[in-house]
Amino acid sequence: MNATIKFRIDGTQVVTKAGLTIMKAADNAGIYIPRLCDEKGLEPQGSCRICIVKIGGQIVASCTQPAEDGLEVENDTPEIRNYRRDLVKMLYHEGNHLCPICEASGRCELQAVSYYLGIFQPTKYPYLQPDRPVDASHRDILLNTNRCIRCGRCIRASKTLDGKNLFGYIGRGIHKQVGVNGENLANTDAKVGDAAMALETCPVGCIIQKRQGFFAPIGKRRFDLKPLGTNSVKQQKGGSEQ
Amino acid sequence: MEEKKRRLFVKQSCEKFKNSRFRLLDILWEIQNGLGGIEGPVMEQVGKLIGVSRVHVEGLVTFYAFFSDRILGKIIIRLCDDIVDQFFGLDKIIEVFSEELGIKPGQTSLDGRFSFELTPSIGMSDQAPAALINDVVFPKLTPGSVKKIIRQLKEGVPVFKVDDTCGDGNNASALIHSSVMNNIRHTGKVILSDSFLPEKGLERCLNLNPAEVIKEMKDSGLRGGGGAGFPSGLKWELARKAEAEKRHVICNADEGELGTFKDRVLLTERAPMMVEGMTIAAYAIGSSEGIIYLRAEYAYLRPWLENILEKRRDTNLLGKDILGKTGFHFDIRIQLGAGAYICGEESALICSCEGLRGEPRIRPPFPVEKGYMGQPTIVNNVETFCCAARIFEKGFDWFSNIGTDKSAGTKLLSVSGDCKKTGIYELAYGTAVADLLEMAEAHDTAIVQIGGASGEMIGRIDFNRKICFEDLATSGSVMVFNSQRNVLKIVDSFLKFFIDESCGYCTPCRVGNVFLRERIQKVMHGDANHSDLDYLRQLSNLIIKTSRCGLGNASPKPVLSSLEHFPIVYASHLHEPREGLQRQFNIQKALEESRRIAKRRSMIYDPVYYDTN
Ligand SMILES: Cc1cc2nc3c(=O)[nH]c(=O)nc-3n(C[C@H](O)[C@H](O)[C@H](O)COP(=O)(O)O)c2cc1C
Ligand code: SF4
């Protein structure tokens, strides 16, 4: 398939080859759509719902929805922005996210997406405060699923990039979480060099490399240097909260 | 079981299904039944034998409610705890079970004989309270009957012999032998009427070409009986048009919606008709393989269904060159579910048939393009297939003349709750709720929940509304509640159901429903003010709009429809705060943890000194 298609995102025309998702096409055109569960090089799964857009009155995940000729996509509208904010807030309240004491602070995508969307404060939702045991069994890697946002990036990275299947989803509903392929992490062949353990794979501070915390000072951390959404050609206002 | 024997048993269980990872659900059933649970080392062994990771196996074991990662008792009691059971004395029944067994819900007795669990909807709302003991149904429990049951079980009477009464119709047959009642209260023209001539429709179809069959199906106006009401003929046409070597016909007998039990009765009384409908569908779309996805709660019907399939094979109604039609081969297997409401959703159901966690798939592609094993698949409800058989027997125009403009035919309604005649009513689409209530001898009705937890909750001024796709669409569940019942308790119980049954895949449904319930409970406790109602509406909207499947798209409906139809109930629970104060904030509760750690009282806030140590 090398036919080209044309469609619009918030009125801006996008010309792209056929067969891409809306998100891919937007990325190529330099239009940023915020996301958490999606990561370059991994199959999209459409679970976090942060990348939702509206087409024909329907809300869909742009990471899984095919771009089609003539589509009118609403991305950065007040309605969608508010949904995204609420979804991000839900994730904060589902897990334990104490940013000031978290090793991932400053390189955390949850935090960076919040800043992009203009969330700076505790919010209206109740805190669920999970207290699952931390898996510190492995020599080099620590797993704190109380910070997990169920994005499954580690699962897919381990499967497709490392060919290892170290992780998988277990449980269901609010108890759905990432499980390891053994009694604990030390019982698996997890290596600190695995793609699944790379600092960029876990968007939060759930998978932590031991002895690697707080290596960059405030001001020099990943998203201090380059906040999310700012490498796009077309800058959008994530906006502040109304 | 000692390790060597256990390993052999696990190996044999996997071999029974050719070590196929696509049959993982069946393999786990073998092991669950044989060992009483599926622990870590077994997960590991199964994974090795069928070529998946241990955590993949664990993923299934922890997803399906009927599987357990710890060893359960030899006798597993699953007591249904839905709202109808709650209103009909559930608390007392739980108490008696707990007393007699010496264990609480969620526990296994020390001697390893009994496990006691609570479970949502076992499809017996017309005979509540009811429990499953292993796979035997015990309807209409009373404190007295529970004591008797447990006494017999303790004496060693086998579960299936404990209650030797039999229900009506085929429930009394040797292969079902259950005390469940059909409770058919009204037989309509299409499905429950006894004028049905078996195989006439199928014979007629085989003289038409598939395109003609699909055309008649479309012209009949039949819409799915599973709730969504998608035009069945169109679904078949889409599947037929999709390019593929193989196509599949799946019958959705997962019947998980709260308060419905009509598929249970159809499986008992109309299974041949349903299979005939599936066979017609197979001919129409060009399929050679079919699956009946049977919910685990209806496992007691499995031998009965297997026997019906076997008889049809013997008489060439299934198998090769069916009824002499050269080249038309079709056979059916039964896939037993394992306790997950979400598996009623068609793409999750397909995942489950493939031996995966029952999570809805990314769409597009839709099942009619890429379904079971990546091939075009139609999923239809039990009732839909029954209608199909009848449509070809009697003609599409006969069918389309019944019902209303946009809702052809009849609907099977499962009526439960506060009425004299709970049970099944087959009524033409377009029947008013009030007429149904009269037939069911419901008096003093204040609330009717139509379409189960994901349906609509209506009050008296809406009882003239009609049951049809133009007005009140329904999968068939009608729960009737009298004026003594508490609206908020109903809403709360539905939200609990959705929280327990959400697959957890997407953020709004996984987390949002927990937040909804928290706020409904705040209202119930009298701690909410009007701003909480805005919060409920806003959160509901978010969940409906951004969830990825029908469960999340519907889960806030109990909140929204109760807010719309019973605003006074909410208003009577609200308390506007005095300026600057938050009513739900409890200083004593907030301080408790600090007191405990500090091991001393707060000089300022403690009204009375006490040592919490
Ligand atoms: C959460 C959820 C649960 C469902 N449960 C059932 C069910 O138990 N039985 C059923 O027939 N359809 C159920 N459905 C609808 C199916 O997805 C599907 O639409 C239906 O089986 C199609 O058959 P029909 O067109 O014949 O109704 C459910 C849908 C959702 C979203
Ligand atoms: S809406 Fe709920 S049930 Fe459906 S995919 Fe999302 S989490 Fe799963």
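Derivation of every value follows stated rules applied to the coordinates shown; laboratory data play no part. Every value quoted in this text rests on a predicted model; they were computed, and no experiment measured them. We place every Cβ from the backbone using ideal geometry, glycine too, and count neighbours over all the protein chains shown.
Which pairs in the list B:K215/B:K370; A:K191/A:K220; B:K411/B:K489 are over 25 Å apart, alpha-carbon to alpha-carbon?
Numbers: B:K215/B:K370 23 Å; A:K191/A:K220 27 Å; B:K411/B:K489 29 Å.
Among B:K215/B:K370; A:K191/A:K220; B:K411/B:K489, the Cα-Cα distance tops 25 Å for A:K191/A:K220; B:K411/B:K489.
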- Scoring chain A by relative contact order with C-alpha pairs under 8 Å, at least six apart, yields a percentage of 21 percent
- Message: Just want the ordering: B:Y341, B:Y298, A:Y127, B:Y293, from fewest to most Cβ atoms lying within 10 Å of their own Cβ.
- Response: A:Y127, B:Y293, B:Y298, B:Y341
- Task: Would you mind pulling out the separation of the Cα centroids of the range B:437-459 and the range B:485-515, in Å?
- Result: 21 Å
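When only Cα pairs under 8 Å and 6 or more residues apart are kept, what is the percent relative contact order across the range A:4-74?
Computed value for the range A:4-74: 41 percent relative contact order.
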- Item | Mean projected area (nm²) of the alpha-carbon convex hull when the protein assembly as shown is viewed from all directions | 39.1 nm²
- Message: Give the average, rounded to an integer, of partner chain Cβ atoms located within 10 angstrom of each Cβ in A:73-84.
- Response: 1
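Give, in nm to one decimal, the length gained when the segment between B:T315 and B:H443 is fully stretched (0.36 nm per residue of separation minus the Cα-Cα distance). Intermediate values should be presented prior to the final figure.
On the way: separation 128, 0.36 × 128 = 46.08 nm, distance 4.93 nm.
Between B:T315 and B:H443, full extension yields 41.1 nm more.
Which whole-number percentage describes the relative contact order of chain B, with Cα contacts under 8 Å and a sequence gap of 6 or more?
After rounding, I find 12 percent.
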- Item | Amide proton proximity set for B:E289, modelled H, under 5 Å, gap of 5+ | B:R247, B:V249, B:D331
- Under the Karplus relation with 6.51, -1.76 and 1.60 and θ = phi - 60°, whole-Hz ³J(HN,Hα) for the range A:19-32, x at Gly and Pro, equal x, 9, 7, 4, 5, 4, 4, 5, 4, 4, 8, x, 9, 7
- Query: Give me the Kirkwood hydrodynamic radius of chain B in Å, from all C-alpha pairs, to one decimal place?
  - Reply: 25.8 Å
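Out of every Cα-Cα pair in the range A:85-219, what percent are more than 26 Å apart? If you can, show how the numbers build up before the last one.
Details: 1906 of 9045 pairs.
The proportion of pairs with Cα distances above 26 Å equals 21 percent.
Arrange the following residues from fewest to most other Cβ atoms within 10 Å of their Cβ: B:F261, B:F67, A:F120, B:F366. Can you show the working numbers first?
Working: B:F261 29, B:F67 21, A:F120 9, B:F366 17.
Exposure proxy ranking, most exposed first: A:F120, B:F366, B:F67, B:F261.
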- Computed helical MRE - 222 nm, chain B, DSSP H runs ≥ 4 contributing -39500 (n - 2.57), nearest 500: -12500 deg cm²/dmol
- Note on the structure: The residues B:V10, A:V14, B:V57, sorted from fewest to most surrounding Cβ atoms within 10 Å, come out as A:V14, B:V10, B:V57
- Any aspartates and glutamates with Cα under 17 Å of the B:K18 Cα? List them, leaving off those in the same chain fewer than 8 positions away. B:D26, B:E30, B:E354
- Query: Tell me, what ³J(HN,Hα) does each residue in the range B:116-129 have, in order and in whole Hz, if you take phi through Karplus 6.51 cos²θ - 1.76 cosθ + 1.60 with θ = phi - 60° and put x for Gly and Pro?
  - Reply: 10, 10, 9, 9, x, 5, 9, x, 10, 4, 7, 10, 7, x
- Task: Under 13 Å Cα to Cα from B:K420, which aspartates and glutamates show up? Leave out anything in the same chain fewer than 8 places away.
- Result: B:D126, B:E438, B:E441, B:D444
- Task: Could you work out how far the C-alpha centroid of the range B:540-560 sits from that of the range B:182-226, in angstrom?
- Result: 34 Å
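At most 12 other Cβ atoms within 10 Å and a DSSP loop assignment: could you name the trypsin sites (Lys or Arg not before Pro) in the range A:154-238 that fit?
Numbers: sites: A:R156, A:K159, A:K164, A:R172, A:K176, A:K191, A:K210, A:R211, A:K220, A:R221, A:R222, A:K234, A:K237; in loops: A:K164, A:R172, A:K176, A:K191, A:K210, A:R211, A:K220, A:R221, A:K237.
Passing sites in the range A:154-238 are A:R211, A:K220, A:K237.
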- Message: If you split all Cα-Cα distances of the range A:4-74 into 10 Å bins from zero, what percentages do you get per bin, shortest first?
- Response: 23, 59, 18, 0
- Item | Helix axis angle, A:78-94 relative to chain A longest principal axis, alpha carbon, degrees | 10 degrees
- Of A:Y125, A:Y83, A:Y32, the most mobile residue in a GNM of chain A (C-alpha springs, cutoff 10 Å) is A:Y125
- Taking Cα centroids, how far is the range B:51-117 from the range A:62-95 in Å? 39 Å
